[in-house]
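One structure below.
The values are calculated or read from the model by the stated rules, or taken from the named source; none is laboratory data. The structure presented is a predicted model; accordingly, all values stated were derived computationally and were not measured. Please note: Cβ atoms are built from the backbone with ideal geometry, for glycine as well, and neighbour counts cover all protein chains shown. Side chains are part of the model used for accessible areas, which takes the heavy atoms of the whole protein and leaves out ligands, DNA and RNA. Shrake-Rupley method; radii C 1.70, N 1.55, O 1.52, S 1.80 Å.
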Amino acid sequence: DAGVTQSPTHLIKTRGQQVTLRCSPKSGHDTVSWYQQALGQGPQFIFQYYEEEERQRGNFPDRFSGHQFPNYSSELNVNALLLGDSALYLCASSLVSANTGELFFGEGSRLTVL
Amino acid sequence: AQSVSQHNHHVILSEAASLELGCNYSYGGTVNLFWYVQYPGQHLQLLLKYFSGDPLVKGIKGFEAEFIKSKFSFNLRKPSVQWSDTAEYFCAVKTGGGFKTIFGAGTRLFVKA
């Protein structure tokens with residue numbers, strides 16, 4: 001069973017750089033949500049993609065952008081990195097038609113900004 | 001803005017003790033409620049969920065939660081914890097008309113053998 005896969009698992013960047021994180025949803029899922037989890041905090045909603053469109057966005061600046069591809073995989077891009085962007089970035093997939101709201105999470109990409 | 005509050009950040013229990021983790025949310029409309037769990041070294045996974053109907057819902061591994069609409073609460077319970085329940089527990093809310101799921105800050109549970 002192909003669960004949610006994310007890459008890379010760890011990465012280190014410096015302030016001002018740009019980063020791209022990737023996510024492949026669980027097989028059969030069509031919706032991808034991205035979350036930021038800072039140390040000691042719960043996941044914070046960044047945005048959700050469905051049908052290659054951003055469907056809803058959380059309280060994150062425009063430096064955070066995303067994309068969904070026709071195969072439902074997704075990318076999260078963060079420009080002009082700040083120290084405060086250091087966090088675990090989680091991808092969660094779901095199936096709209098299932099209407100359960102259940103999210104399936106990947107292991108996350110841990111970003112360190114120096 | 002919607003929010004989720006978890007009352008305890010850290011809980012330490014001995015095996016066989018009873019567990020109750022508090023969760024309150026702020027939203028007046030229809031909600032879907034969830035508890036997710038993250039075991040050490042693993043990804044977040046669903047423990048149980050409430051959509052409608054019986055406010056007492058049962059999940060995996062003997063966990064249950066009760067939705068009390070008048071109190072905006074969705075507390076998680078387990079009569080007798082095991083060492084393997086050591087994990088971080090997150091309460092989450094999805095509003096009826098929205099797409100995003102909002103998470104609480106989490107409660108770290110440590111069960112002493």
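Let's see if you can work this out: charge +1 on each Lys and Arg Cβ, -1 on each Asp and Glu Cβ, no other charges. What is the dipole magnitude of the protein assembly as shown about its Cα centre, in debye to the nearest 20?
With only Lys, Arg, Asp and Glu charged at Cβ, the dipole is about 440 debye.
If I take R0 = 41 Å and measure r between the Cβ atoms of A:Asp30 and B:Ala17 in this structure, what FRET efficiency does the formula 1/(1 + (r/R0)^6) give, to the nearest 0.05?
Calculated value: 0.45.
Report, ordered by chain and residue number, the lysines lying within cross-link reach of B:Lys112, taken as a straight Cα distance under 18 Å and ignoring same-chain residues fewer than 8 apart.
B:Lys61, B:Lys78
Restricting to DSSP loop positions (anything but H, G, I, E, B) with no more than 15 other Cβ atoms inside 10 Å of their own Cβ, which trypsin sites (Lys or Arg not before Pro) remain in the stretch A:41-111?
Of the trypsin sites (Lys or Arg not before Pro), the ones in loops of the stretch A:41-111 whose Cβ has at most 15 other Cβ atoms within 10 Å are A:Arg63.
If amide hydrogens are placed 1.01 Å from N in the peptide plane, which non-local residues have theirs closer than 5 Å to the one on A:Thr31?
The answer is A:Ser94, A:Val96.
Counting Lys and Arg as +1 and Asp and Glu as -1, what is the net charge of the other residues whose Cβ lies under 14 Å from the Cβ of B:Ile68?
So the environment of B:Ile68 carries a net charge of -1.
In the P(r) worked out for the protein assembly as shown, what percent of Cα pairs fall beyond 23 Å?
Tail fraction, whole percent: 48.
Take the Cβ-Cβ distance between B:Trp83 and B:His9 as r, set R0 to 25 Å, and report the resulting FRET efficiency rounded to the nearest 0.05.
About 0.75, to the nearest 0.05.
Between B:Asp54 and B:Lys112, what length in nm is gained on full extension when 0.36 nm per residue of separation is reduced by their alpha carbon distance?
In short, 17.6 nm is gained.
Using θ = phi - 60° and the Karplus curve 6.51 cos²θ - 1.76 cosθ + 1.60, what whole-Hz ³J(HN,Hα) does each residue of the stretch A:86-101 get, with Gly and Pro shown as x?
4, 4, 9, 9, 10, 10, 10, 10, 7, 10, 4, 5, 5, 6, 9, x
What's the carbon and sulfur percent of the stretch A:44-94's accessible surface, probe 1.4 angstrom, rounded to a whole number?
47
With a sphere of radius 14 Å drawn around the Cβ of A:Phe45, what net charge do the other residues whose Cβ falls strictly inside it have (Lys, Arg +1; Asp, Glu -1)?
That sum, taken over residues with Cβ under 14 Å, equals +3.
Calculate the FRET efficiency for A:His10 and A:Phe69 from the Cβ-Cβ distance with a Förster distance of 30 Å, rounded to the nearest 0.05.
Efficiency computed from Cβ-Cβ geometry: 0.80.
Accessible area drop of at least 20 Å² (1.4 Å probe, protein heavy atoms): which residues of the stretch A:55-72 qualify, relative to the chain alone?
A:Arg55, A:Gln56
Would you work out which of B:Asn24, B:Thr101, B:Val11 lies farthest towards the positive end of the dipole of the stretch B:3-112, given +1 charges on the beta-carbon of Lys and Arg and -1 on that of Asp and Glu, about the Cα centre?
Sorting the options by dipole projection puts first B:Thr101.
Distance between the C-alpha centers of the stretch A:41-114 and the stretch A:20-34? Whole Å please.
Centre-to-centre (Cα) distance: 9 Å.
If you roll a 1.4 Å probe over the heavy atoms of the protein chains, what accessible area per residue do you get for chain A, in Å²?
48
Keeping all protein chains in place, calculate the accessible area per residue for the stretch B:1-103 (probe 1.4 angstrom), answer in Å².
48
Over all directions, how big on average is the projection of the convex hull of the alpha-carbon atoms in the stretch B:23-113, in square nanometres?
Averaged projected hull area, Cα only: 6.2 nm².
If you plug each phi of the stretch A:56-69 into the Karplus form 6.51 cos²θ - 1.76 cosθ + 1.60 with θ = phi - 60°, what whole-Hz ³J(HN,Hα) values come out, in order, with x for Gly and Pro?
Taking θ as phi minus 60°, the curve returns 7, 10, x, 8, 10, x, 5, 4, 9, 9, x, 7, 10, 9 Hz for the stretch A:56-69.
Pairs of alpha-carbon atoms within less than 8 angstrom and 6+ residues apart define the contacts here; what relative contact order does the stretch B:36-107 have, in percent?
Reported as a whole number, the value is 25 percent.
List the accessible area buried at the contact between B and A, summed over both sides and calculated with a 1.4 Å probe, in Å² to the nearest 100.
Summing both sides, the interface buries roughly 1600 Å².
Per residue in the stretch B:42-61, which ones lose no less than 20 Å² of accessible surface when going from chain alone to all protein chains (1.4 Å probe)?
Buried-area filter returns B:His43, B:Leu44, B:Leu46, B:Lys49, B:Phe51.
What is the sum of charges around B:Ile12, taking Lys and Arg as +1, Asp and Glu as -1, for the other residues whose C-beta is under 13 Å from the C-beta of B:Ile12?
Computed value for this residue: 0.
When the accessible area of chain B is computed with all protein chains present and a 1.4 Å probe, what percentage of it is carbon and sulfur?
53
Would you mind computing the Rg to Rh ratio of the stretch A:5-113 from its alpha-carbon coordinates, Kirkwood style for Rh?
Here Rg/Rh amounts to 0.95.
Residue by residue, what Karplus-based ³J(HN,Hα) values in Hz, rounded to whole numbers, does the stretch B:97-107 have, using 6.51, -1.76 and 1.60 with θ = phi - 60° and x for Gly and Pro?
So the Karplus estimates, Gly and Pro as x, are x, x, 10, 8, 10, 9, 10, x, 6, x, 10 Hz.
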